Amino acid sequence: MPVETKTTCPYCGVGCGVIARVEETGAVSVRGDPDHPANFGRLCSKGSALAETIDLDGRLLTPHISGAPASWDAALDLVATTFADTIRQHGPDSVAFYVSGQLLTEDYYVANKLMKGFIGSANIDTNSRLCMSSSVAGHRRAFGSDTVPGTYADIELADLVVLTGSNLAWCHPVIYQRLATAKAARPQMKVVVIDPRRTATSDIADLHLSILPDGDTALFGGLLADLATRGMLDRAFVDDHTQGFDAALSHVADLGIADVAESTGLDAADIEAFYALFAASERVVTCYSQGVNQSSSGSDKVNAIINCHLATGRIGRPGMGPFSLTGQPNAMGGREVGGLANMLAAHMAIERAEDRDTVQRFWQSPVIADKQGLKAVDLFRAVADGRVKAIWIMATNPVVSMPEADLVRAALVSCPFVVVSDVMAETDTTAHAHVLLPSLGWGEKHGTVTNSERRISRQRAFLSAPGEAKADWWQMAEVARRMGFDTAFDFAGPAAVFAEHAALSAFENEGNRDFDIGAHADITVDTYDALAPFQWPQPAGTAPNAADSRFFADGRFYHPDGRARFVPVIPARDQRTTAAHPFALNTGRIRDQWHTMTRTGKTARLTAHFAEPFVEIHPDDAKALGLTPADLVVLESPQGRAVLRALVTPRQKPGHLFAPMHWNDQFASAARIDALVPGLVDPVSGQPASKHVAVAAAKLDVG
Ligand code: SF4
């Protein structure tokens, strides 16, 4: 008899439900789960090709030490003794974990517990730093907590959907399908797309604002001033539920349309049209993603957007609110367990002594990290200069995906001890591992993930573990035990990890914490196996939300006085291009590939969309460089070099380029686009500015 298993797509933060069907022959097919509230049966091209990516070709199936197969015992003993020796000789901050939004929440929980509570360092950061950390910082500044207020249903209910820095059609395709369906049903719904490029998403826009890179703070700062001038503020909401409005307004009050036009490169008439639409639409949802977050001013951009929603009271009610869309399948779950260098578990703050005490007492741990650890860019720089002497990388490929990718590669070459846990044997990163640990892949492991609207869903195994592959949480628990931390890591399985995570979320839950899933603190294996998708919070004694849950409906926020904060932002744009590097390069994603292609690159169907790494360039620039379509182009920045195929298109602005970040040196040489990206970060969030890179471009001289 065929067996069907309900699970969750492992790609993007939409978190679609999937039904995997295994035939008696072993053949696997997938379809969308009609009952899952994220997608109601829909899947995008990547999700519907999942069954084509689960073969064992290229899989890492046994532990390796120095390139040779080894037993689990030998590999785990070596990891434990080397980490313990390094800590003994050089202190806890001489070691680090670099983890991933691909990890399940249970994996993330164990990693965070080991590093912060037992090793005593906060040197655990994640590739989610590259994805949404500016939104986390913006939420915490505005709300006093990392809370995403809205739900996908709000997007469908809105009269105006503003998409800024988001190519929804390609990067969150099922949300785009839901938006497009809602717009077709309600023609009065308007969509504004703010993006330097004309993308697939802008094709459904009523208004496309082709903004200059990093012009968002000026655009939304000008909007705040415009709303005040029009008398469209919600004074009662501002007075009763917020602080800091006057200071925020004073920073932008003098911003006229002409100033905004100069800072954003937009036509004054288009700016006027956007501002009028925003003012006139009560139900407004502003969605933002990497184009906002991946910026040296990402946190300020987020707060400039939130400021406009607070000023109009458009938050906490159906069909309105700011909405950060997470990139990865479990970027949100990682935040819940404190899987970033600047957070504790259950949304508690590493800077707060009471929070550290709460977590340490709950864990009964010997230590607790008492200061922020190294964020991703600084972490690899610390590896490069020798401050970090042992690193464990899990479920990510930083030699391709990190800014300063060449520096990251050199750092791993020079690092005394590199451990990599992965499903694939040969990636640009596994090549530098002293110890390689085989992990379970999608379809082989049990756990939970949380999507962009705070919905926790199960991933369930429907395939048996191949070779000697093991769950990531198990690998860390075994290393912890070998380091002498026996009882704290004696988990019987992922259900036990999830139960402990839920119990911590409710432990002495007071103060400003919004994340409480205490209803699941005593979850059994059977209940965990049957767990239906639910949104947090779900405190003990409460049922899962029957409908979409929305935060801030009562106008109370998580700062100690219950008020949200306006954050004054100063609209400023860097002039990043120079005579030597005259093009502004925007890096991003394409419809059919995921991250560094270690899985999506396996299927010919997905590779057919774009077969080679490319750079989009405007016809005028192509002509000036002597390029014809499909010529090879060399891009160079002070950090590195890449060779890409020219895609000549008027969708790109003159002087601006776009290149996807997926390709790695396994698929094409000199195609790692992150080799060009500098380690410039947002000073608040530490998120790299991957959307605005100054580069030189020239036709490749093949003579
Ligand atoms: Fe998977 Fe995202 Fe596509 Fe849904 S939209 S099927 S979660 S990649």
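The values are calculated or read from the model by the stated rules, or taken from the named source; none is laboratory data. Just so it is clear, the structure is predicted and the values come from calculations on it, not from any experiment. Positions of Cβ are backbone-derived with ideal geometry, glycine not excepted, and every protein chain shown enters the neighbour counts.
Among helices (runs of 4 or more DSSP H) entirely within region 206-265, having at least 2 residues that are hydrophobic (A, V, I, L, M, F, W, C) and either touching a strand residue (DSSP E or B) at 6+ places or on another chain (Cβ under 7 Å) or touching a residue at least 40 places away in the same chain (Cβ under 8 Å) (or both) singles out 216-230, 235-241, 245-252. Taking each residue of region 39-51 that is under 20 Å from VAL22 (Cβ atoms) and looking for partners that are assigned to a loop (DSSP other than H, G, I, E, B) and within 6 Å of the ligand (Cβ to nearest atom) with beta-carbon atoms closer than 7 Å, six or more apart or interchain, yields LEU43/CYS16; GLY47/CYS9; GLY47/TYR11; GLY47/CYS16; LEU50/CYS9.
Remark: pairs (first residue in region 441-467, on the phi > 0 side of the Ramachandran plot; second residue small (Gly, Ala, Ser) and within 15 Å of the ligand (Cβ to nearest atom); Cβ separation under 7 Å; 6+ apart in sequence or on different chains) = GLY443/ALA20. Within region 384-409, the set of residues being within 21 Å of ALA689 (Cα to Cα) and either more than 21 Å from the chain's Cα centre (by Cα) or of a type in the set (D, E, K, R) (or both) comprises ALA384, GLU404, ASP406, LEU407, ARG409.
Contact map, region 1-29: first residue at positive phi, second residue within 14 Å of the ligand (Cβ to nearest atom) and part of a strand (DSSP E or B), Cβ cut-off under 8 Å, separation 6 or more or different chains; pairs are GLY15/THR8; GLY15/VAL449; GLY15/THR450; GLY15/ARG455; GLY15/SER457.
For every residue, the table says whether it meets (1) within 16 Å of the ligand (Cβ to nearest atom); (2) surrounded by fewer than 24 Cβ atoms within 10 Å (Cβ to Cβ).
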residue: MET402; (1), (2): no, no
residue: ALA425; (1), (2): no, yes
residue: HIS432; (1), (2): no, yes
residue: LYS445; (1), (2): no, no
residue: ARG458; (1), (2): yes, yes
residue: LEU463; (1), (2): no, yes
residue: GLU468; (1), (2): no, yes
residue: MET476; (1), (2): no, no
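Scanning region 608-631 for residues that are within 11 Å of THR649 (Cα to Cα), part of a loop (DSSP other than H, G, I, E, B) and in contact with a Pro (Cβ under 9 Å, 6 or more places away or on another chain) yields one hit, HIS618.
The set of residues from region 85-104 being in contact (Cβ under 8 Å) with a residue 40 or more places away in the chain, out of contact with any Ser or Thr (no Cβ under 6 Å at 6 or more places or on another chain) and of a type in the set (Gly, Ala, Ser) comprises just one member, ALA96. When region 85-120 is filtered for residues that are within 23 Å of the chain's Cα centre (by Cα) and polar (S, T, N, Q), the ones remaining, listed by number, are SER100, GLN102, THR105, ASN112.
For region 203-220, which positions are under 24 Å from ASP300 (Cβ atoms), surrounded by fewer than 22 Cβ atoms within 10 Å (Cβ to Cβ) and out of contact with any helix residue (DSSP H, G or I) (no Cβ under 8 Å at 6 or more places or on another chain)? The one that is under 24 Å from ASP300 (Cβ atoms), surrounded by fewer than 22 Cβ atoms within 10 Å (Cβ to Cβ) and out of contact with any helix residue (DSSP H, G or I) (no Cβ under 8 Å at 6 or more places or on another chain): SER210. Would you mention how many residues in region 28-40 are of a type in the set (Gly, Ala, Ser) and away from the ligand (no atom under 11 Å from the Cβ)? Counting residues in region 28-40 that are of a type in the set (Gly, Ala, Ser) and away from the ligand (no atom under 11 Å from the Cβ) gives 1. The residue of region 7-27 that is nearest to ASP592 (Cα to Cα), among those that are more than 16 Å from the ligand (Cβ to nearest atom) and among the β-branched types (Val, Ile, Thr), is VAL22.
Just for region 655-685: of the residues that are within 17 Å of VAL615 (Cα to Cα) and among the charged types (D, E, K, R), which one is modelled with the lowest pLDDT? Ranking the candidates gives ASP665 first. Only a single item in (1) buried (at least 16 other Cβ atoms within 10 Å of the Cβ); (2) at pLDDT below 95 is not met by VAL14, and it is number (2). Inclusion of VAL569 among residues that are crowded, with 18+ Cβ neighbours inside 10 Å, aliphatic (A, V, I, L, M) and part of a loop (DSSP other than H, G, I, E, B) is warranted.
Residues in region 411-428: is at least one within 20 Å of the chain's Cα centre (by Cα), part of a helix (DSSP H, G or I) and not β-branched (Val, Ile, Thr)? Looking for residues that are within 20 Å of the chain's Cα centre (by Cα), part of a helix (DSSP H, G or I) and not β-branched (Val, Ile, Thr), one finds none in region 411-428, hence no.
Does region 53-67 contain at least one residue that is within 16 Å of the ligand (Cβ to nearest atom) and over 30 Å from ILE155 (Cβ atoms)? Yes, because at least one residue in region 53-67 is within 16 Å of the ligand (Cβ to nearest atom) and over 30 Å from ILE155 (Cβ atoms). Taking the conditions exactly as written (touching a strand residue (DSSP E or B) at 6+ places or on another chain (Cβ under 6 Å), of a type in the set (Ser, Thr, Tyr) and modelled with pLDDT of 95 or more), does THR649 satisfy them or not? When the stated conditions are applied, THR649 passes them.
Regarding ILE155, is this residue buried (at least 22 other Cβ atoms within 10 Å of the Cβ), farther than 17 Å from PRO571 by Cα and of a type in the set (A, V, I, L, M)? Taking the combined requirement at face value, the residue satisfies it.
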